[in-house]
Structure formats: structure tokens, C-alpha cells
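Beneath this line is the structure, given in C-alpha cells, with notes to follow.
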């Protein structure tokens, strides 16, 4: 019962926040803006959105190939389709259970390729470190080329924050940062206590950390560093292309400068980090950037054009994950089903 409750909270809390933000940003629009929002969604050129999704599919295929180079130093050459299906199932699970996709991805591949879960999870951590590096590079390039617009974007974000605070009467003096730090502190204290008091738990933690370390170090022992680097660059070029080509779906956003597209991409990525799946936040942050660049004199933080495109991009990308992930799930359903004993063995203590 406790486990079910925790899982419900993991899904319910982010979803509730996202639904609130969707309602809020729609509610602050006047009637003309609301009408325009739906008009933009109806009249968008979805041919360009389909093209953008092809770039997204190319990134998933490239990521599947790149993961093989990370697993190879562990003494196993995994099959492409097993790698691809595990990745897509991970994305699919992430749509419904926050932060569960990475573990699911490792579990699925550990069953299909007989590689220890901890080592596979270590390679995923290494992969995330590489992706974080490339995201940092994109952020630096964006700041360099669009430095003059940073203050305007920040001022619009401050307006959004002020309006959100004004609509939240339950002000306890504590923000998200304080609650997160408290939860992290209590979690660390509890973990240390279990490690000290429970020898069996301590052995599991040590074994798991060794597996993570070995998997993480595989990035430095890959036998194909040039190919690994190529696919890392290719993945992010595809991400940016997938996002950028979507701006051709609306005539109002076709003239968006490259700097604005980069800023929108970074803002959307931040939205995905803030709330699971980015629901509510992704659309608003993308809309805020579009409004800043295309409608600088608009008297509200976000314009209907920006919000419409934010929704179109978010829905299309998630629909692709839903369809491709479901196909991979059905193909590998026996490898996704985890028994209680397997879950104890293959997941973190």
C-alpha cells in the first residue's frame, strides 16, 4: 500500500502542477487571444511537424547506436534493436512514471542481453553526463549570440513569477528550493542510517556502486571514441533541427532568428527538467521566448502564437514517443514485466 501511494504521488503531484499551469496561462488570456490560440493550432502546417519528427526519430536511432559503444567495454556487444527498444520503452515509461525511464531501460536490456543492471545503469549515467555537457555548450552559444535579449527574457519571467505568486494565497515563506533541500537532507540522513545499521543493505549499496562505477567508466574505455563523439554531436544536431524546423509550421514564427530558436530550445529543455514531461511549463517557456523575440511590445508575458507553437511541438513529440514506445513495449512485453524478486535484485536498494 505504501509503495502504491508513493507511486501515485510521483505521478499525481507533477501532473497536478502541470494541469494548474495549463489552466493558469490559458486563464490570463483575453477572449481574442484564446480564439487566436485555437486558430493557430487548427491552421498550422503539420507537414513541417512531420518532418521535424523524422529528425527526432534519427536522434533516437543514433542514441541506440551510441549506447552500444558504451556497453561494449563491459564485454558485451548488444544488438541494435534491443538497444533501440530499451530506449524507447524508457521514454514511454517516463511519460507516466517520473524518472523511472532510465531504470526501466536498463532492466529491459539486462533481460534481453544478459548484462548486469548496475553496469547498464552506470552507462546511462555516463550518457547523461555527456548530454549535460552538450546542453551546456548549447546554452553558452545561446548566451553568446543573444546576450542583448537576456534581460528582456528575464524581465518577462519575473512578470510570470509575480503573477503566479499573486495567485497563490498559501504563502508559507518556503519556496520549492527549501522543500527540495529538506527532502534531500532527510533522504541522505536516512540512507546513511541504513548503511550503518544494516550490513546486508550496506553490501547491496557497495555492490551497486561498483556496478555504476564500472558502467560510468565505460565512456573512457570505448573502443570507438570517434564514432561515439560523432553520434553525440549528431544527436544534438537532430534535437536542434527537430525543434527549429517546427517554427515553419506557423507563418508568424517562420522568421524567428537562429538565436531565438536556440533560446526557445534551452527554455523548453529547462521546462522538461522542472516538471516531469514539461507539461504546462514547456509550453509556457517556449511561448515566453517566442513572444520576447517576435512580439517585444506585447503587454503580457506570452502571446497566443508562442503558446500555440509550444503546444504543437510538445504534443507532437510526446505523441511520437507514445506510439514508438508502445510498439517497443508490445514487442518486448515479457522483458518489461518485472517480478518482485527481480525488482529487488535489479533496482537500487
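Taken over the stretch 255-266, the residue count meeting the criterion of being outside any helix (DSSP H, G or I) and more than 15 Å from residue 307 (Cα to Cα) is 2.
Only a single item in (1) at pLDDT 85 or above; (2) on the phi > 0 side of the Ramachandran plot is not met by residue 277, and it is number (1).
Listed here are the residues, each with its yes/no results for (1) under 18 Å from residue 239 (Cα atoms); (2) touching a helix residue (DSSP H, G or I) at 6+ places or on another chain (Cβ under 7 Å); (3) touching a residue at least 60 places away in the same chain (Cβ under 8 Å).
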{"site": "95", "(1), (2), (3)": "no, yes, yes"}
{"site": "109", "(1), (2), (3)": "no, yes, no"}
{"site": "113", "(1), (2), (3)": "no, yes, no"}
{"site": "117", "(1), (2), (3)": "no, yes, yes"}
{"site": "120", "(1), (2), (3)": "no, yes, yes"}
{"site": "123", "(1), (2), (3)": "no, yes, yes"}
{"site": "127", "(1), (2), (3)": "yes, yes, yes"}
{"site": "134", "(1), (2), (3)": "yes, yes, yes"}
{"site": "139", "(1), (2), (3)": "yes, yes, yes"}
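Tell me which residues, restricted to the stretch 57-89, are without any contact (Cβ under 8 Å) to a residue 24 or more places away in the chain and either buried (at least 19 other Cβ atoms within 10 Å of the Cβ) or over 15 Å from residue 331 (Cα atoms) (or both). Hits for the stretch 57-89 are 61, 64, 68, 75, 77. When the stretch 25-44 is filtered for residues that are modelled with pLDDT of 80 or more, in a helix (DSSP H, G or I) and surrounded by 10 or more Cβ atoms within 10 Å (Cβ to Cβ), the ones remaining, listed by number, are 26, 33, 34, 35, 36, 37, 38, 39, 40, 41, 43. Screening residue 246 against (1) modelled with pLDDT under 95; (2) more than 17 Å from the chain's Cα centre (by Cα); (3) buried (at least 22 other Cβ atoms within 10 Å of the Cβ); (4) part of a helix (DSSP H, G or I) leaves a single unmet condition, (1). Of the numbered criteria (1) surrounded by fewer than 18 Cβ atoms within 10 Å (Cβ to Cβ); (2) over 27 Å from residue 247 (Cβ atoms), the one residue 101 fails is (1). Of all residues in the stretch 267-296, count the ones that are surrounded by fewer than 21 Cβ atoms within 10 Å (Cβ to Cβ), in contact (Cβ under 8 Å) with a residue 40 or more places away in the chain and part of a helix (DSSP H, G or I). Selection size over the stretch 267-296: 3.
The values are calculated or read from the model by the stated rules, or taken from the named source; none is laboratory data. Source: prediction; values computed, not measured. Methodologically, a virtual Cβ is constructed for each residue, glycine included, from the backbone with ideal geometry; neighbour enumeration extends over all protein chains shown.
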